[in-house]
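S.K.: Let me give you the structure first, and then I'll get to my questions.
The values are calculated or read from the model by the stated rules, or taken from the named source; none is laboratory data. Since the structure is predicted, the reported quantities are computational estimates derived from the model, not experimental observations. Note that each Cβ is placed from the backbone with ideal geometry, even for glycine, and that neighbours are counted across all protein chains shown.
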Amino acid sequence: MQSTMMNYPLTLDHILERAGTFFSDVQIVSNMPDKRLHRHTYGDFHQRAKALAEMLIRSGIRPGDRVATLMWNHYAHLEAYFGVPAAGAVLHTLNLRLAPDDLAYIVDHAEDQILIVDDVLLPLLARIEDKVHFKHIWVVPLTGKPVPEPFEDYEGILAQARGDFVYPEKDENDPCGMCYTSGTTGRPKGVVYSHRSTVLHSLASALPDSVGISFNDVAVPVVPMFHANAWGFPYSCTMVGSQLVFPGPHLDAESLLNLYESEKVTLTAGVPTIWMGILQALDANPDRWKLANMRMVVGGSAVPESMIRRFDRFGLNVIQGWGMTETSPLAAISRLKPAQASQSDDERYAYRAMQGLPCPFVDLRITDERDQAQAWDGKAVGEIQVRGPWITGAYYRLDKDAASDKFAADGWLRTGDVAVVDPDGYIKITDRTKDLIKSGGEWISSVELENAIMGHPEVAEAAVIAVAHPKWGERPLAVVVRKAQSELTRKQLSEFLQSKLPKWMCPEGYVFESEIPRTSTGKFNKLALRQGFKDWRWDSE
Ligand code: ADP
């Protein structure tokens with residue numbers, strides 16, 4: 001017997017048409033470089049994304065060709081998110097925080113044909129221009145100033161569209177987008193998403209016990225659209241018709257808080273670095289902004305429990321998600337089950353500080369070095385391996401042998417994240433394999449130490465790295481940023497930690513710095529820290 005269901009392809013074209021049909025009056029707001037709020041609607045977006053698709057095809061773009069973007073989060077980037085795939089092409093979002101060499105490498109590796117770039121980012125383009133070649137460069141005039149020669153004006157291009165665009169036929173497995181990992185280890189590696197994987201990821205993200213996205217939401221993706229598809233928010237929000245508000249280039253706490261207040265935002269998403277800044281602004285001025293009961297999806301790095309507690313005091317609900325570029329990215333999210341309602345506050349906070357349950361259709365296991373599955377008993381530690389319909393099974397133009405350490409023999413993705421899973425299925429990440437500290441044969445979790453240090457009321461942030469030690473092999477060194485005006489000493493911090501953790505886990509070394517170096521995606525740059533402290537001498541304290 002066969003099913004009687006239609007074989008209907010899951011493509012982004014449907015989401016674009018749906019937005020134009022049912023949500024044409026819903027607003028899309030973008031904060032422009034001069035802080036003017038640009039407003040248009042899903043109706044405008046629908047027409048303009050199709051105009052872009054038409055012009056891409058008329059410019060010679062063929063199915064599967066790559067179209068790159070070098071853009072902040074705003075209306076035109078959303079048009080590219082849908083217009084490029086509608087044309088049958090592949091959207092390649094370039095991370096504008098990458099080093100010029102890496103950017104040039106990625107453009108060349110992906111063989112990008114056309115670039116759409118913000119006018120305010122032309123100076124960045126100038127730094128790679130002699131190393132890359134595009135057939136066309138279309139410039140979005142965000143500042144309203146004329147586009148300089150020899151570039152083409154994106155608005156002028158759209159204005160040439162006849163409006164007779166017909167979607168090229170697609171298979172749901174056709175590619176629609178690609179991202180490169182930020183290359184903290186080795187050269188960046190490309191991951192190619194399909195229409196099907198993106199649609200399924202959007203459906204799973206929108207579920208109530210996942211991010212829970214609705215047309216009642218006003219959503220601000222702070223996470224850049226050049227990083228892991230802004231965690232799929234542009235796709236999932238457009239699918240359900242939520243109002244979208246984009247921060248443009250303004251990612252400082254005050255600009256974001258102003259936007260949250262003026263647009264009555266209910267949902268936002270970004271990495272912990274951003275929220276650290278927001279917390280400091282709120283602490284300094286608790287009555288300045290009147291915010292709605294906003295949900296804040298936080299991921300990309302572990303979320304300290306202290307941060308979740310502090311946001312609760314302002315009525316802001318932190319929801320932790322876990323994933324990576326290779327997993328589209330959402331793979332797990334921390335929501336409490338009904339049974340947890342009867343637990344103590346402390347227990348519930350401990351759960352919210354975990355990475356949560358895997359999403360539907362994400363299979364997850366933790367494994368030892370020989371890929372043997374470990375028990376879910378809340379004690380056994382292992383590397384997280386995953387598989388599922390929006391998880392990459394390979395890297396773009398990297399042969400299987402070169403990527404063999406990234407996939408288990410049976411094809412599951414090795415994430416490099418180390419975790420325990422409790423009997424209820426909640427994941428708690430203890431480290432990345434390369435950041436663990438091995439001291440006297442025992443593993444110490446840098447994440448656990450960082451969270452404990454950041455629990456101190458006078459600490460703004462802290463990163464812990466392994467440093468070679470003559471007796472123990474490695475010992476943890478804590479790099480700490482104190483809050484303004486704090487005179488916290490090493491001794492006080494060390495006593496505080498020893499009241500929370502076993503002594504052997506506590507760092508011997510503390511260094512106070514004014515900031516912690518970041519990667520292009522806003523994470524602690526542990527590689528740079530390890531480099532900077534590689535000659536650290538334990539008696540230099
Ligand atoms: P890259 O691997 O290039 O840094 P990604 O943005 O894809 O770029 O990062 C994925 C990694 O980020 C994960 O493998 C994990 O180590 C970390 N990560 C993401 N979300 C969380 C989280 N909620 N808690 C802890 N680590 C996280």
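S.K.: Taking the stretch 506-539, which residues are small (G, A, S) and away from the ligand (no atom under 16 Å from the Cβ)?
M.R.: G509, S514, G532
S.K.: What single numbered condition from (1) in contact with a Phe, Trp or Tyr (Cβ under 9 Å, 6 or more places away or on another chain); (2) within 15 Å of the ligand (Cβ to nearest atom) fails to hold for V147?
M.R.: Of everything listed in (1) in contact with a Phe, Trp or Tyr (Cβ under 9 Å, 6 or more places away or on another chain); (2) within 15 Å of the ligand (Cβ to nearest atom), V147 misses just condition (2).
S.K.: May I pose another question? At pLDDT 95 or above, more than 22 Å from G156 (Cα to Cα) and out of contact with any Pro (no Cβ under 6 Å at 6 or more places or on another chain): which single residue out of L121, L94, L125 fits that description?
M.R.: Only one candidate qualifies: L94.
S.K.: For the stretch 166-178, state whether one or more residues are within 15 Å of the ligand (Cβ to nearest atom), surrounded by fewer than 16 Cβ atoms within 10 Å (Cβ to Cβ) and not in a helix (DSSP H, G or I).
M.R.: No, there is no match, as no residue in the stretch 166-178 is within 15 Å of the ligand (Cβ to nearest atom), surrounded by fewer than 16 Cβ atoms within 10 Å (Cβ to Cβ) and not in a helix (DSSP H, G or I).
S.K.: Would you be able to tell me the number of residues in the stretch 423-458 that are over 25 Å from the mean Cα position of the chain (by Cα) and closer than 24 Å to P360 by Cβ?
M.R.: Residues in the stretch 423-458 being over 25 Å from the mean Cα position of the chain (by Cα) and closer than 24 Å to P360 by Cβ: 2 in total.
S.K.: While we're looking at this one, here's another question. Give A219, A230 a once-over and let me know the one that is at pLDDT 95 or above, more than 14 Å from the ligand (Cβ to nearest atom) and within 18 Å of I333 (Cβ to Cβ).
M.R.: A219
S.K.: Please state which one of E79, E17 is without any contact (Cβ under 8 Å) to a residue 60 or more places away in the chain, within 20 Å of T198 (Cβ to Cβ) and surrounded by 19 or more Cβ atoms within 10 Å (Cβ to Cβ).
M.R.: E79
S.K.: With the stretch 434-540 as the region, which strands (runs of 3 or more DSSP E) entirely inside it contain at least 1 residues that are surrounded by fewer than 20 Cβ atoms within 10 Å (Cβ to Cβ) and of a type in the set (S, T, N, Q)?
M.R.: 437-439
S.K.: Give me the pairs: first residue in the stretch 360-374 and at pLDDT below 95, second residue of a type in the set (S, T, N, Q), beta-carbon distance under 8 Å, and six or more apart or on different chains, which are they?
M.R.: Within 8 Å, the pairs are D368/Q374; D371/Q385.
S.K.: When you look at I308, is it at pLDDT 95 or above and of a type outside the set (F, W, Y), yes or no?
M.R.: yes
S.K.: Separate question: Within the group A331, A339, A292, which residue is more than 16 Å from the ligand (Cβ to nearest atom) and within 23 Å of D424 (Cα to Cα)?
M.R.: A339
S.K.: Looking at this structure, is I274 buried (at least 20 other Cβ atoms within 10 Å of the Cβ) and touching a Leu at 6+ places or on another chain (Cβ under 7 Å)?
M.R.: Spelling it out, I274 is indeed buried (at least 20 other Cβ atoms within 10 Å of the Cβ) and touching a Leu at 6+ places or on another chain (Cβ under 7 Å).
S.K.: Picking from L94, L98, which residue would you name as being farther than 26 Å from S202 by Cα and within 21 Å of the chain's Cα centre (by Cα)?
M.R.: Criteria check complete, one pass: L98.
S.K.: If a residue has to be closer than 28 Å to K50 by Cα, out of contact with any Leu (no Cβ under 7 Å at 6 or more places or on another chain) and outside any helix (DSSP H, G or I) to count, how many in the stretch 86-113 make the cut?
M.R.: Qualifying residue count for the region: 9.
S.K.: Restricting the first residue to the stretch 400-418 and requiring it to be within 14 Å of K189 (Cβ to Cβ) and hydroxyl-bearing (S, T, Y), which pairs with a second residue that is assigned to a loop (DSSP other than H, G, I, E, B) and within 14 Å of the ligand (Cβ to nearest atom) meet a Cβ separation below 8 Å and a spacing of at least six or different chains?
M.R.: T415/M324
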